[in-house]
Amino acid sequence: MSLLPFAQWCEASAAGHAIRTSPWAFAVIESIHLLALSTIGGAVLVVDLRLLGYGLKRHPAAQLARDAYPWLVGSLLVMLASGAALFVSESIKCYYSTPFRVKMVSLLLAVCFTFTAHHRVAMADETRMRPRWRALIAVVSLTLWFCVGASGRWIGFSG
Amino acid sequence: MSSFCEWLAATPGSIALHESFFVYPLVESVHVLTLCVFVGLAAMLDLRLLGVTMRRVPVSEVVSRFLPWMVAGFVVMVVTGVLLFYAIPVRSYHNIFFRVKVMLLILAGVNAWVFHARLYTRVADWDLAPITPRGARVAGALSLVIWAVVIVCGRMIAYDWFDCDKAQSPIVVRAAGCDGYQR
């Protein structure tokens with residue numbers, strides 16, 4: 001099944017048309033997307049640096065993960081909402097864009113990983129887990145989120 | 001300053017960077033993604049000062065553990081930012097978003113300096129307080145707002161709404177220094 005009809009439908013939607021024809025809407029939504037990017041970066045780093053042993057070492061990772069959780073989820077929701085608005089304004093371009101496809105796949109992987117394996121390890125009893133295993137989870141998380149960000153930035157550079 | 005930018009724009013390095021197919025986007029990507037490290041951690045520190053996250057972590061610990069990463073991130077931001085300016089000096093210099101951004105960067109620096117020189121010296125008194133004293137909260141809130149506007153201005157530099165090569169209102173002409181604009 002091709003997703004092209006869906007992309008065409010999005011692009012033809014009233015929201016897509018409104019954002020595309022407004023001189024400033026895309027810029028404003030993009031700015032919101034960037035503000036949420038900074039926040040999600042902070043929320044991810046607080047936990048992952050701790051798992052790597054570089055962060056707030058004297059505090060349990062579980063406590064930091066709980067503290068960062070609302071900021072992670074909140075900024076992720078803002079990212080998804082603003083990202084969806086950007087998408088409907090240029091869906092057909094996105095459909096044919098390799099960086100966009102890479103981004104969607106890495107986003108799916110990053111979200112699944114963050115709320116399953118990563119969450120379980122961050123919340124687990126530290127004495128019962130090897131540091132190397134925790135570090136690996138952090139590296140995978142950082143790599144996946146980096147792929148999301150880097151491919152996201154590259155959408156704007158490709159045709 | 002305008003003639004300095006014109007001279008800069010004519011240097012081979014500036015032209016090469018401006019016309020490069022991969023290096024310019026790469027520099028820009030590094031600039032944007034480093035936001036996560038620098039502004040991301042700065043925001044978490046600010047939110048701690050405001051008492052809305054990591055309330056059980058002493059402020060001094062957040063500062064000492066985050067600062068090396070923030071400094072590293074800041075250095076990358078400045079180096080890539082300077083390179084981006086170097087690639088497009090004249091247009092950037094006459095861009096009002098760029099001008100506002102530079103002023104806000106100075107303001108952010110002053111805010112950080114006041115926090116470290118005046119408020120942070122007494123951190124021992126409120127290190128474990130879930131909510132910090134008013135001064136520290138104001139510094140945290142100011143930092144959040146300033147960096148947010150810096151990010152928005154940075155993004156808006158890319159748009160040509162107020163560029164000098166278009167007809168602009170007298171206010172924009174003055175703010176962007178369009179009278180000294182050439183080319």
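Each reported figure results from applying straightforward, stated rules to the coordinates on display, with no laboratory input. The model shown is predicted, which means the values in this text are computed figures rather than measured ones. Backbone-built Cβ (ideal geometry, glycine too); neighbour counts: all protein chains shown.
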If we ask which residues in the range B:110-136 are assigned to a loop (DSSP other than H, G, I, E, B) and buried (at least 16 other Cβ atoms within 10 Å of the Cβ), their number turns out to be 1
Picked from the range B:51-69 (must be of a type in the set (A, V, I, L, M, F, W, C), buried (at least 19 other Cβ atoms within 10 Å of the Cβ) and touching a residue at least 12 places away in the same chain (Cβ under 8 Å)), the residue nearest to A:CYS147 (Cα to Cα) is B:PHE66
- Query: Hey, any hits in the range B:11-20 for a residue that's free of Cβ contacts under 8 Å to residues at least 60 places away in the same chain and within 14 Å of chain A (Cβ to nearest Cβ)?
  - Reply: yes
Apart from one, (1) crowded, with 16+ Cβ neighbours inside 10 Å; (2) more than 14 Å from chain B (Cβ to nearest Cβ); (3) under 20 Å from the mean Cα position of the chain (by Cα) all hold for A:LEU77; the odd one out is (1)
B:LYS166 fails exactly one of (1) part of a helix (DSSP H, G or I); (2) surrounded by fewer than 14 Cβ atoms within 10 Å (Cβ to Cβ), namely (1)
The residue from B:MET77, B:MET54 that alone is touching a Phe, Trp or Tyr at 6+ places or on another chain (Cβ under 7 Å) and within 26 Å of A:ALA43 (Cβ to Cβ) is B:MET77
Restricted to the range A:48-64 and to residues being more than 7 Å from chain B (Cβ to nearest Cβ), of a type outside the set (Gly, Ala, Ser) and part of a loop (DSSP other than H, G, I, E, B), the residue surrounded by the fewest Cβ atoms within 10 Å (Cβ to Cβ) is A:LYS57
